[in-house]
Each structure stands twice: as structure tokens, then as C-alpha cells.
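Enquirer: Dropping the structure in here first, questions after.
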RNA sequence: GGAGAGAUGGCAGAGCGGUCGAUUGCGGCGGUCUUGAAAACCGUUGUCCCGUUACCGGGACCGGGGGUUCGAAUCCCUCUCUCUCCGCCA
């Protein structure tokens, strides 16, 4: 969430920047400042009363010790009124804090100054592109036909076991999954990321810290008996490693990579656009996360974008990089680049990665800070990116590399798959 | 799942109703000594909120929440977690 002090000191600027994200902050920002004023005022009054009570309590203690019981008892009576006042103020303070918090968590992150205005996906800005998308679809099959043809991914059996969106990967399909995961992890290690294996279920505090709660709870599977959420991305558990921590400045940046299965309910987003591997309830992803100094986060973002681009080049998949417009950005992000690969059999671009800088929006929620050389404490910046999500990579690999002789595996992946071709 | 014990500052570990934000040790930082280092000695060492923002002042925090009391790290209730034993088990 945004920092209160920043909101107070830059009220107009905050409202203007939120408008880029198509969020009308005129009313809520005013309310937040008003509630914070009330919070401060109440806090001040409460502190004063506590100070008085503390003084009297100490005096009573001394009186008892010196045997002046009568005087002590007289003093006791003085405190009862103070106690009532304190109780009242405390209740008001708690209420005010809760109201303030409820509003604060509804305000999205401010977009970076370079984020273009825009309504939705159609207004995203194409930053760069690489490779030659095959536009002639003559004789090319979409991946949902290819997986049946070669019997490598089985949606029907997945439906029997779990439901739609939970495919069973078989034979070379299963081995391709494992190969991609290992390839992505090894590449990240080479690029200096530390590998971690996080839990796949998280508590509410973790989901709240990265911004999945309170807004997007309908997108997560929830294990009600234990009140745990299945992770929609490894971003959640990996970033939460650093929750409530004060890091040493010289240890920054922290760079982690994690493979995990990801679970998404995708409530209300099913349709023909999302056939086959285009959208699943369970999928595999390798995620990179960085915790950086505020002065270095945009440099880190560029580095992460370069890194993801390198992966796609090694896989020889034509891609383009989009800078998301305000209207298409996520709630928590300050700047996001999306990667899309060309899918020849469907004749369209598929989003395979999203790389974002959250600045201190997540850090502020999760109290992720660092101490500088002077001993001062500041919020760190958090970033993450998919590197990469498997299903659409697989879709694109299958569709782009199909031939009468089968599906050709890109050279960089062959050491991991142990085969060069799917099919004959 | 059953029985018992516990949760205190970066770590270890005292305190069990009143100068306790907390003894002490280790670690960290600064200094004396030394050609340099080690050792020794001296000093310093948490976070958050509010006011002043040079200095400083007030408040809160001893796992979370609630209660008793003039006053709680200390007593009571409750939740969570950890450890030991038993059970179950990859």
C-alpha cells in the first residue's frame, strides 16, 4: 500500500497519477487524510493521558513504599477518570485505524512516470520485438490438436480426476515439462539467482502482504479447514520470505528463483479464447524475485527484462515486449513489461511473462526494510517476473515447430529433454 | 491426534506485581593500547507512533488478542507457534 506520509505531502500528485491507472482517487484520498488527522489527534490525546496515568502510578508506588497508605489511596481515585478516558480514546483510535486501513488497501500503487495512459490491452505500447512470426497458417495446427495427435497432454483424463483446466501431461509431454523447468532454473542460477523451494500453500498474512488479499481472494483456491491459500504464483511465498525483516544494505539485492506449481481459479474468465493450454487452473512456472535498494530497482527491472528476453531467444520463439498502459496494469505494480510469444497455429500472441517493479508498495504492507550505513531504516523495493510460465511456452513451441516429421525441440532444450523431436 | 514444558532485544539467557525497555554473556559499532593485528580495557548497541526535526520530549511494544490492578515481561483467560514423550506416517 501507499505510504501515508507520501499521500499527505503529495495529495494532488497522487490523485493525478492514480487517474492514469483509471482509478478515481479524489474522494478516497481526501477521506484517508481526514482519517489520518483524526488518528493523530486521538493518538496525541491518548498519549497525554497515558503520561499522566504513568506519573500517578509511579507516585502511588513510592507512597506505598514509604508507608503513606492513606495518601496513596487518595491518589488511586484520581486515576479512575483517566482510565475511562483512556479506554474511550483507545476504542476510537482502534476504530479510526481500522477505517483508515480499509481505505488504504483499496488504493492501487502509483504508476511510474513513464507509464502511458490507456484503457486496456489494446493501448499497451510495443517496446520491441524479436524473431519472425509465421503469419501464414496454411496447414498449421493449434496445439490442442497437436497434443492429441502426439498423445502428450490429456485434458479428458484431467477432467475425470479434477476438472477442466487440470491436464495430465504424458510421455514426451511430461518430459518436456520437466526439461523446461530445469532449463529455466539452470539459466537463472547462471544469472546469479539463488534457488529456493517455497511452500505451495500460504496463510492469509502472506497473501495480504503481496496484495492477493483482500481484493483477489476469489482468484485463489482456499483450504477452508486450515485457512490456507493455494499459491497463484511463487511470488507470494518467495517475497514473503522477507516479510517483517530489516535487511543489511550491503546484502542487497536479494535475487531468488523458484519453481512452483501455480493454482488459479480464474473465476469468470473461461471461454473460447482460453482453449487448451492458453489458460489452466494448475500450471508450472519458474519465477524470479528481487529485493533491491530503491535507487536500483529500475535498473534491476531492465536487467530482468533482458534476462527473460534471453530465455525466449534461446528457445527461438518470436516475441514482443509490451509496456503496459495504466488501464491494463495490476493493482500492485508501478511498471510492468509483458512478454508475448507468437503462436503460429492460433495466429496470435500469447502472454508468457510479466515483469514488474512494485517499488515499495508490497514492502510497505509487509514491512520489508533495510538499514543504511547511517543506521536509518528505509523500505526496500520488490520486483518479480515469470521466467517463465510453461503452458503457453509449450503451446507456442508445439505450434511454431510443427512439421510433417514431428515437432522439433529447440537446440538449447535438447540436453534437458533427451530427445530432439516429438513424433516419428 | 493424546500428555507435559515453553515463547523475553541479532543470538544465548536472567527477571515471576512498582525507578524494567528490561541484569549478564556473545556478536556488532566506536575508542585506548599496538608498526599492524590479536588479547585486554572503556564506551555504545531494538522497533513503531506523535511533537520538535539541531538537541530533545511524550507514548507503545518482553509470541498475538483480551482481562485483573493505581501499576504487568511478571497474575488470569484465549489463540498461535516451538520443544519433549506417545500414537500415526512419506
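Enquirer: Find the centroid of the Cα atoms in region A:352-405 and in region A:195-244, then give the distance between the two in whole Å.
Expert: If we compute the Cα centre of each part, the gap is 15 Å.
Enquirer: Pop a pseudo-label 7 angstrom from the Cα along the beta-carbon direction at both residue A:223 and residue A:70 and give the gap in nm to one decimal.
Expert: 6.8
Enquirer: Using only the alpha carbons, work out the radius of gyration and Dmax of region A:344-403 in angstrom.
Expert: 19.3, 63
Enquirer: Considering Cα pairs under 8 angstrom that are at least six residues apart, work out the relative contact order of region A:282-424 and quote it in whole percent.
Expert: Reported relative contact order: 29 percent.
Enquirer: While we're on this one: In nm, what is the difference between 0.36 nm times the number of residues separating residue A:203 and residue A:275 and their Cα-Cα distance?
Expert: Between residue A:203 and residue A:275, full extension yields 22.8 nm more.
Enquirer: While we're looking at this one, here's another question. Working from Cα positions, state the angle (0 to 90°, nearest 10) between the long axis of helix A:171-190 and the longest principal axis of chain A.
Expert: 50
Enquirer: Right, another one. To the nearest 0.05, what FRET efficiency results for residue A:98 and residue A:174 with a Förster distance of 41 Å applied to their C-beta separation?
Expert: So the FRET efficiency works out to roughly 0.25.
Enquirer: Need one number: nm distance between label points at residue A:164 and residue A:62, each 7 Å from Cα along Cα→Cβ, rounded to one decimal.
Expert: Roughly 7.8 nm, to one decimal.
Enquirer: For Cα pairs less than 8 Å apart in space and 6+ apart in sequence, what is the mean separation divided by the residue count of chain A, i.e. the relative contact order in percent?
Expert: About 20 percent, as a whole number.
Enquirer: So, one more: Return P(r) of region A:189-262 (all Cα-Cα pairs; 10 Å bins starting at 0; whole %; ordered from short to long distances).
Expert: All Cα pairs, binned at 10 Å, distribute as 19, 46, 27, 8, 0 percent.
Enquirer: In square nanometres and to one decimal, what's the mean projected area of the convex hull around the Cα atoms of region A:279-359?
Expert: 6.4
Enquirer: Hey, another quick one. Could you tell me how far the Cα centroid of region A:101-158 sits from the Cα centroid of region A:1-72, in Å?
Expert: 45
Enquirer: For the pair residue A:245 and residue A:373, what calculated FRET efficiency results from E = 1/(1 + (r/R0)^6), where r is the Cβ-Cβ distance and R0 = 22 Å, to the nearest 0.05?
Expert: The calculated FRET efficiency here is 0.75.
Enquirer: For a quick check, take a GNM of chain A with Cα springs below 10 Å and name the residue from A:15, A:246, A:161 with the largest mean-square fluctuation.
Expert: A:161
Enquirer: Can you give the % of DSSP beta bridges in chain A that are antiparallel, to the nearest 5?
Expert: Taking every DSSP beta bridge within chain A, about 90 percent pair in antiparallel fashion.
Enquirer: Figure the gain on full extension for residue A:27 and residue A:113 (residue separation times 0.36 nm, minus the Cα-Cα span) and round it to one decimal in nm.
Expert: Residue separation times 0.36 nm, minus the Cα-Cα distance, leaves 28.7 nm.
Enquirer: Using 0.36 nm per residue, how much length does the chain from residue A:125 to residue A:10 gain when fully extended, once their Cα-Cα distance is taken away?
Expert: 38.6 nm
Enquirer: Another question, if that's okay. Tell me the label-point distance for the pair residue A:51, residue A:156, using the 7 Å Cα-to-Cβ offset, in nm and rounded to one decimal.
Expert: Distance between the two pseudo-spin positions: 7.8 nm.
Enquirer: Based on C-alpha coordinates, I'd like the Rg and Dmax of chain A, in Å.
Expert: When restricted to Cα atoms, chain A yields Rg and Dmax of 27.1, 103 Å.
Enquirer: Same structure again: Contact order normalised by length for region A:329-369, with contacts defined as Cα pairs under 8 Å and 6 or more residues apart; what percent is it?
Expert: Relative contact order comes out at 40 percent.
Every number in this text was worked out from the coordinates using simple rules, so none of it is lab data. These numbers were taken from a predicted model, which means no experiment stands behind them. Methodologically, a virtual Cβ is constructed for each residue, glycine included, from the backbone with ideal geometry; neighbour enumeration extends over all protein chains shown.
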